[in-house]
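*Asks:* I have a structure I would like to understand better, so I am pasting it below and will then ask my questions one at a time.
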Amino acid sequence: MKATDVYSHLTCEELRKNLSYDPLTGIFVWIANPDKKENSRVGQVAGANHDTGYVTIWINGRHYGAHRLAWLYVYGEWPKKHIDHVDGNKKNNRIVNLRDASNSQNKSNGKLYRHSTSGFKGVSKCGKKWKAQIVHGYKNIYLGCHDTKEQAHEAYLNKARELQGEFARGN
């Protein structure tokens, strides 16, 4: 079974029967109780914060990312690929903040790693200089060593805009 097969168990009709979704706020509210054991759900905001930072919702014994459910609710079909949060906030599930994206595009819009020593995406120390590089299509692209980390970051940003377009993210 493929990872995406898990989503085929829930239809748009079943989703809409159990939850209402406000595309302006990105919030789901229970309108029915699919798991008959808990009667207190109706009228309550659905979802819980997952360890990954995403909001997840349990329906019929399975958990689903609220961002993927929002896509299904609005467009009537499961997203074909990944869902990218335009602003990088995994809890912001407003439909205008969600877009269908390839794995590469989704990673392009990722935030700066916590362990970054430069404070800039795509920039690391290289002796007394600062190296700029970017990953695209599973390949590392070297963008040279620069005198300052700001210059290296500018080189990264220019290449990111060229390669990743609207999915390019600076930090």
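The values are calculated or read from the model by the stated rules, or taken from the named source; none is laboratory data. Quick caveat: nothing in here was measured; it's all calculated off a predicted structure. Every residue, glycine as well, gets a Cβ built from its backbone with ideal geometry; the counts of neighbours run over all protein chains shown.
The rows are residues; the columns are (1) at pLDDT 90 or above; (2) touching a strand residue (DSSP E or B) at 6+ places or on another chain (Cβ under 8 Å); (3) in the same structural domain as LYS131 (by TED's automatic domain parsing).
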| site | (1), (2), (3) |
| --- | --- |
| PRO23 | yes, no, no |
| ASN33 | no, no, no |
| VAL45 | yes, yes, no |
| TYR54 | yes, yes, no |
| ALA66 | yes, yes, no |
| TRP71 | yes, yes, no |
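*Asks:* Follow-up. Quick one: count up the residues across region 137-165 that are within 22 Å of ASP87 (Cβ to Cβ) and touching a helix residue (DSSP H, G or I) at 6+ places or on another chain (Cβ under 9 Å).
*Replies:* 4
*Asks:* Considering only region 79-89, how many residues are surrounded by fewer than 20 Cβ atoms within 10 Å (Cβ to Cβ) and in contact (Cβ under 8 Å) with a residue 40 or more places away in the chain?
*Replies:* The number of residues fulfilling the criteria is 1.
*Asks:* A further question on this structure: Would you please name the residue that is farthest from ARG16 (Cα to Cα), looking only at residues in region 64-102 that are touching a helix residue (DSSP H, G or I) at 6+ places or on another chain (Cβ under 8 Å) and of a type in the set (S, T, N, Q)?
*Replies:* Here the answer is ASN89.
*Asks:* If you take the residues in region 121-153 that are assigned to a helix (DSSP H, G or I) and touching a strand residue (DSSP E or B) at 6+ places or on another chain (Cβ under 8 Å), which one is surrounded by the fewest Cβ atoms within 10 Å (Cβ to Cβ)?
*Replies:* Step by step, filter region 121-153, then rank; the result is GLN151.
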